[in-house]
Amino acid sequence: MMPEERTLRCAIVGYGSSFNMGRTHAQYINAIPGLQAVAVCDLDPLRLEQARIELGDTIQTFRDVGDMLARADVDLVTVVTPHNTHARLAIQCLEAGKHVVTEKPMCITVAEATEMIDTARRCERMLSVFHNRRWDGDHLAMRAIVDEGLLGELFHIEVNGGGWYRPGSDWRSDKAISGGAFYDWGAHLLYWVLGFLPGRIRNVTGFYHKRVWDHVTNEDHTQAVIRWENGAYADVQISTIARAPKPRWRILGTKGALLDEGQGQFTVYSGIGEHTARFEVKYRPTDWQGYYQNIADHLLRGQPLEITPQSARRVIALIETAEKSSRSGQAEPVPCE
């Protein structure tokens, strides 16, 4: 007879209204055997009341993280707060002996990321980042095509996010809090790019523009051109002032290519002799719960951690280096390579 599996008790710090992500994390946690959301911490008493309504009266609620760590019996804390608080809160929870998941991006600077990693290692606790879009259906389908070798060796990637629109005025548009325009969707796209081209990076050239939207402090247009040591490169753009559209993804390899317009499927071009075959591939189902399934498998069953803190730190390093390059006007080496 197998021994009964332990249940990891989980807390959520930040139940704010943005995209209802606090509730979303709780729902994903509760859907995974071996995980249970038991506590919520938020500065706003109205959001705590909402948590009790949505998660049940048995949920413990706190307005102070230190109080929660002292009083609540929890094993894992998920941090769902503005970007500039991730490092401080993660370190506080790690030092209290808790495993930690932070929303993406991991933090704002490489120095913060390194301190978080060092703290997790010293405290012998897990640290991971909610790069949930690793489980997006379009990414899963693209990953399968790349892994099957239909494109050959990848040497060129273009990826674009945004368009022409007036940014909102919440904290996500405040550079001091969010880190800048690259830290939201850009963090997802860069994580994908690093998965497609996992080798060592030589340098990054960045281009940042602040030209139109004076009501916010984030940049209007950001771009990172990343060069790998094997000569491959990627061009990643995030913009709110790009009136002309571009494909979401254009990937070139030595045997084929991939073009994605974001319409539920993408086009693959592959060589057959002297001819080029073209076919469509539908996106796979999205499974964001796969993230927390991996967390449970890692902590309870010893399986490898999919989203390591070191992989998440590489994303921060690329963004930080792109901005440094935009100021210096030259390609800059990437730390932590």
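Here, each number is a calculation from the coordinates, and none is a lab measurement. Just so you know, these numbers come straight off a predicted model, no measurement behind them. Here the Cβ is made from the backbone with ideal geometry for all residues, glycine too, and neighbour counts use every protein chain on show.
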Ascending count of other beta-carbon atoms within 10 Å, so fewest first, for H221, H156: H156, H221
Over the range 170-268, relative contact order from alpha-carbon pairs under 8 Å, at least 6 apart, %: 21
Residue pairs, from the table K104/K324; K210/K324; K98/K324, whose Cα atoms sit over 25 Å apart: K98/K324
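Give the average over all directions of the projected area of the C-alpha convex hull of the range 225-337, one decimal, in nm². Provide the component values of the computation, followed by the final result.
Numbers: hull surface 44.9 nm².
Its average projected convex-hull area is 11.2 nm².
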Helix-derived mean residue ellipticity, 222 nm - over the chain, DSSP H n ≥ 4, -39500 (n - 2.57), to 500: -10000 deg cm²/dmol
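For a footprinting-style exposure proxy, rank L94, L197, L46 by other Cβ within 10 Å, fewest first. Display every interim value, and only then the final one.
Working: L94 24, L197 21, L46 10.
Fewest-to-most ranking of L94, L197, L46: L46, L197, L94.
Please report, largest first and rounded to whole Å, the three semi-axes of the ellipsoid equivalent to the range 142-243, where each semi-axis is the square root of five times an eigenvalue of the C-alpha gyration tensor.
Working: eigenvalues 168, 37, 27 Å².
Equivalent-ellipsoid dimensions as semi-axes: 29, 14, 12 Å.
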Debye log10 I(q)/I(0) at q = 0.10 Å⁻¹ for the chain, Cα point scatterers: -0.63
Centre separation in Å (Cα based) which lies between the range 235-279 and the range 53-80: 44
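Restricting attention to the range 45-141, which GluC sites (Glu not before Pro) occupy a DSSP loop and are surrounded by at most 14 other Cβ atoms within 10 Å? The partial results should precede the final answer.
Details: sites: E49, E54, E95, E103, E112, E115, E124; in loops: E124.
Here the GluC sites (Glu not before Pro) that fit, given the DSSP loop and packing criteria, are E124.
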Antiparallel bridge percentage (DSSP; both residues within the chain; nearest 5): 60
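How big is D, in µm² s⁻¹, for the range 71-110 by Stokes-Einstein at 10 °C and 1.306 mPa s if Rh is the Kirkwood radius over C-alpha pairs? Provide the component values of the computation, followed by the final result.
Working: Rh = 10.3 Å.
The estimated diffusion coefficient comes to 154 µm²/s.
Dividing the convex hull volume of the Cα atoms of the range 1-90 by its residue count, what figure in Å³ per residue is obtained?
Working: hull volume 9.5 nm³, N = 90.
Hull volume over Cα atoms, normalised by residue count, gives 106 Å³.
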Relative contact order (%) - criterion: Cα under 8 Å, at least six apart; region: the range 43-184: 19
Relative contact order computed over the chain (Cα-Cα under 8 Å; 6+ residues apart), in percent: 18
